[in-house]
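Read the structure below first, then the notes.
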Amino acid sequence: MDLKDAILKRRSIRKFSDIEVSDEEIKELLIAGMAAPSAVNKKPWEFYVIKSKEKLEELRKHGAPFGKMNAPLAIVVCGNKHRFLPFKMSEFWVQDCSAATENILLRAVDLGLGACWCGVYPNDLAVKSTRKVIEAKDNIIPLNVIWIGHGTEEKEERSQFEEKYIHTL
Ligand SMILES: Cc1cc2nc3c(=O)[nH]c(=O)nc-3n(C[C@H](O)[C@H](O)[C@H](O)COP(=O)(O)O)c2cc1C
């Protein structure tokens, strides 16, 4: 798929069929995620791939507070404090992991899958409860849950281009 098409077609899909996402597709999504740019190329990310029905149910109950979707797959994108930059620059992890997340969303479109980014960090309660579900230690900070599957809702491709947000000097 043309990159421009994938960018404009990417929409938040929140309803899914039971058809599983194959291991090959999951690998493709993760390759896309890990190709993202990151500050000083620190790659401070960890990807928790949730396939088990029990864990998906737990995630719906205790994960991202506004994201309870019936997808057969979730990828929880997390930052690993052990690979953060020092001092104030540590905050770059959010941008790094967000870049990885967008790459996953775009590759999902390319593979004919639907997906929705559901925020976790900086909601402290959601961070704690999501971390518990994915059985991670305290150095792991869940940034979001990406629900992924075969969408059962269609959304229009659209551009949100608006001249008023552009400031050319
Ligand atoms: C940081 C972030 C957090 C989000 N959290 C949620 C969420 O908790 N639940 C949800 O349904 N959608 C969530 N979304 C998706 C947005 O609602 C969606 O991107 C926005 O409405 C624009 O629609 P579109 O993705 O179809 O272009 C989130 C998106 C971002 C970038």
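Between K88 and T152, the modelled labels are 5.0 nm apart [label points 7 Å from Cα along Cα→Cβ]. Dividing the mean sequence gap of close Cα pairs (under 8 Å, 6+ apart) by how many residues the chain holds gives a relative contact order of 36 percent. Under conditions of 10 °C and 1.306 mPa s, the chain yields 96 µm² s⁻¹ as its translational diffusion coefficient, taking Rh as the Kirkwood radius over Cα pairs in the Stokes-Einstein equation.
Placing +1 on the Cβ of every Lys and Arg and -1 on the Cβ of every Asp and Glu, with nothing else charged, gives the chain a dipole about its Cα centre of roughly 620 debye. What you get for segment 1-91, charging only the Cβ of Lys and Arg (+1) and of Asp and Glu (-1), is a dipole of about 480 debye around the Cα centre. Post the alpha-carbon centroid distance, segment 30-60 to segment 70-145, in whole angstrom. The distance from the Cα centre of segment 30-60 to that of segment 70-145 comes to 6 Å. For the chain, the membrane-span-like helix rule (DSSP H, alpha carbon extent of at least 18 Å along the helix axis, mean Kyte-Doolittle at least -1.0) picks out 92-110; this says nothing about an actual membrane. Calculated FRET efficiency, K53 and I31, Cβ-Cβ r, R0 30 Å, to nearest 0.05? Efficiency for this residue pair is about 0.75.
Computed from label points 7 Å out along Cα-Cβ, the spacing between L125 and S22 is 4.2 nm.
Can you give the extra length, in nm with one decimal, that the chain gains between L3 and N41 once fully stretched, where that is 0.36 nm per residue apart less the Cα-Cα distance?
Numbers: separation 38, 0.36 × 38 = 13.68 nm, distance 2.36 nm.
Full-extension gain reported as 11.3 nm.
Note on segment 3-153: dipole from Cβ charges, positive end direction compared against I50, A64, I104; the farthest Cα belongs to A64.
Using only alpha carbon positions, build the gyration tensor of segment 63-110, then give the equivalent ellipsoid semi-axes as the square roots of 5 times its eigenvalues, largest first, whole angstrom.
On the way: eigenvalues 125, 40, 14 Å².
Equivalent ellipsoid semi-axes, largest first: 25, 14, 8 Å.
The slack between L169 and N139, meaning 0.36 nm per residue of separation minus the straight C-alpha distance, is 6.6 nm.
Is the shape of segment 20-91 rounded, prolate or oblate, going by the alpha carbon gyration tensor and its root eigenvalues a ≥ b ≥ c, with a/c under 1.5 for rounded and a/b larger than b/c for prolate?
On the way: a/c = 3.13, a/b = 1.58, b/c = 1.98.
Oblate.
Build a GNM of the chain with springs between Cα atoms under 10 Å apart, and of V77, V145, V49 the one that fluctuates most is V49.
Given axes a ≥ b ≥ c from the Cα gyration tensor, I'd like to know whether segment 105-169 is rounded (a/c under 1.5), prolate (a/b larger than b/c) or oblate. It would help to have the intermediate numbers written out before the result.
Working: a/c = 3.04, a/b = 1.44, b/c = 2.11.
Here segment 105-169 falls in the oblate category.
Take the Cβ-Cβ distance between E102 and F66 as r, set R0 to 30 Å, and report the resulting FRET efficiency rounded to the nearest 0.05. FRET efficiency, E102 to F66: 0.95.
Farthest towards the positive end of the charge dipole of the chain, among the residues M34, L169, V94, is the Cα of V94, using unit charges on the Cβ of Lys, Arg, Asp and Glu.
No lab work stands behind these numbers, since they all come straight from the coordinates. Quick caveat: nothing in here was measured; it's all calculated off a predicted structure. FYI the Cβ positions are ideal-geometry reconstructions off the backbone, even for glycines, and counts take in every protein chain you see.
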